[in-house]
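The values are calculated or read from the model by the stated rules, or taken from the named source; none is laboratory data. Predicted model only: the values in this text are computed from it and were never measured. We place every Cβ from the backbone using ideal geometry, glycine too, and count neighbours over all the protein chains shown.
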(Lines give C-alpha, C1' and ligand atoms only; values in the text may rest on other atoms or scores of the structure.)
Protein backbone atom coordinates (compact mmCIF):
# COMPACT_ATOMS: atom_id res chain seq x y z
CA UNK A 1 0.00 0.00 0.00
CA UNK A 2 2.76 2.43 0.93
CA UNK A 3 4.70 1.68 -2.25
CA UNK A 4 1.58 2.23 -4.34
CA UNK A 5 0.85 5.55 -2.60
CA UNK A 6 4.46 6.63 -3.13
CA UNK A 7 3.95 5.90 -6.85
CA UNK A 8 0.96 8.29 -6.70
CA UNK A 9 -1.61 5.54 -7.20
CA UNK A 10 -5.14 6.62 -6.31
CA UNK A 11 -6.32 5.59 -2.85
CA UNK A 12 -9.57 4.30 -4.39
CA UNK A 13 -7.65 1.94 -6.69
CA UNK A 14 -5.44 0.70 -3.84
CA UNK A 15 -8.52 0.04 -1.70
CA UNK A 16 -10.01 -2.07 -4.51
CA UNK A 17 -6.76 -3.99 -5.11
CA UNK A 18 -6.28 -4.75 -1.44
CA UNK A 19 -10.00 -5.20 -0.72
CA UNK A 20 -9.97 -2.79 2.21
CA UNK A 21 -11.94 0.36 2.84
CA UNK A 22 -10.92 3.76 1.54
CA UNK A 23 -10.88 5.23 5.09
CA UNK A 24 -8.46 2.46 6.11
CA UNK A 25 -6.13 3.38 3.25
CA UNK A 26 -6.27 7.05 4.24
CA UNK A 27 -5.63 6.28 7.90
CA UNK A 28 -2.68 3.99 7.17
CA UNK A 29 -1.19 6.58 4.81
CA UNK A 30 -1.60 9.35 7.41
CA UNK A 31 0.08 7.23 10.09
CA UNK A 32 2.92 6.39 7.68
CA UNK A 33 3.47 10.07 6.81
CA UNK A 34 3.48 11.07 10.49
CA UNK A 35 5.62 8.25 11.87
CA UNK A 36 7.44 6.65 8.96
CA UNK A 37 5.94 3.30 9.93
CA UNK A 38 2.66 1.48 9.47
CA UNK A 39 3.04 -0.53 12.66
CA UNK A 40 0.31 0.22 15.20
CA UNK A 41 1.18 2.03 18.40
CA UNK A 42 1.27 -0.10 21.51
CA UNK A 43 -1.65 0.48 23.80
CA UNK A 44 -0.26 1.74 27.07
CA UNK A 45 -3.42 0.78 28.90
CA UNK A 46 -4.56 2.02 32.24
CA UNK A 47 -1.97 2.81 34.91
CA UNK A 48 -2.02 0.32 37.77
CA UNK A 49 -3.30 1.58 41.10
CA UNK A 50 -1.00 -0.90 42.86
CA UNK A 51 2.35 0.27 44.13
CA UNK A 52 5.45 -1.88 43.78
CA UNK A 53 5.24 -2.66 47.52
CA UNK A 54 1.63 -3.79 47.14
CA UNK A 55 2.55 -6.07 44.24
CA UNK A 56 5.33 -7.62 46.32
CA UNK A 57 2.95 -8.08 49.26
CA UNK A 58 0.40 -9.81 47.03
CA UNK A 59 3.07 -12.07 45.57
CA UNK A 60 4.39 -12.96 49.04
CA UNK A 61 0.87 -13.66 50.35
CA UNK A 62 0.13 -16.00 47.45
CA UNK A 63 3.49 -17.75 47.77
CA UNK A 64 3.05 -18.32 51.50
CA UNK A 65 -0.68 -19.08 51.37
CA UNK A 66 -1.61 -20.25 47.86
CA UNK A 67 -5.19 -21.03 48.89
CA UNK A 68 -5.84 -17.39 49.94
CA UNK A 69 -9.08 -15.89 48.72
CA UNK A 70 -9.25 -12.50 47.05
CA UNK A 71 -10.94 -11.12 50.17
CA UNK A 72 -8.07 -12.37 52.35
CA UNK A 73 -5.52 -10.81 50.02
CA UNK A 74 -7.36 -7.47 50.09
CA UNK A 75 -7.59 -7.59 53.89
CA UNK A 76 -3.87 -8.37 54.03
CA UNK A 77 -3.09 -5.35 51.84
CA UNK A 78 -5.21 -3.07 54.02
CA UNK A 79 -3.38 -4.25 57.14
CA UNK A 80 0.11 -3.95 55.60
CA UNK A 81 -0.50 -0.61 53.89
Return yes when residue 58 is part of a helix (DSSP H, G or I) and under 29 Å from the mean Cα position of the chain (by Cα) and no when it is not. yes
Check off (1) part of a loop (DSSP other than H, G, I, E, B); (2) in contact with a helix residue (DSSP H, G or I) (Cβ under 8 Å, 6 or more places away or on another chain); (3) modelled with pLDDT of 90 or more for residue 66 and give me the number that stays unchecked. (2)
Single condition residue 40 does not satisfy, out of (1) surrounded by 12 or more Cβ atoms within 10 Å (Cβ to Cβ); (2) in a loop (DSSP other than H, G, I, E, B): (1)
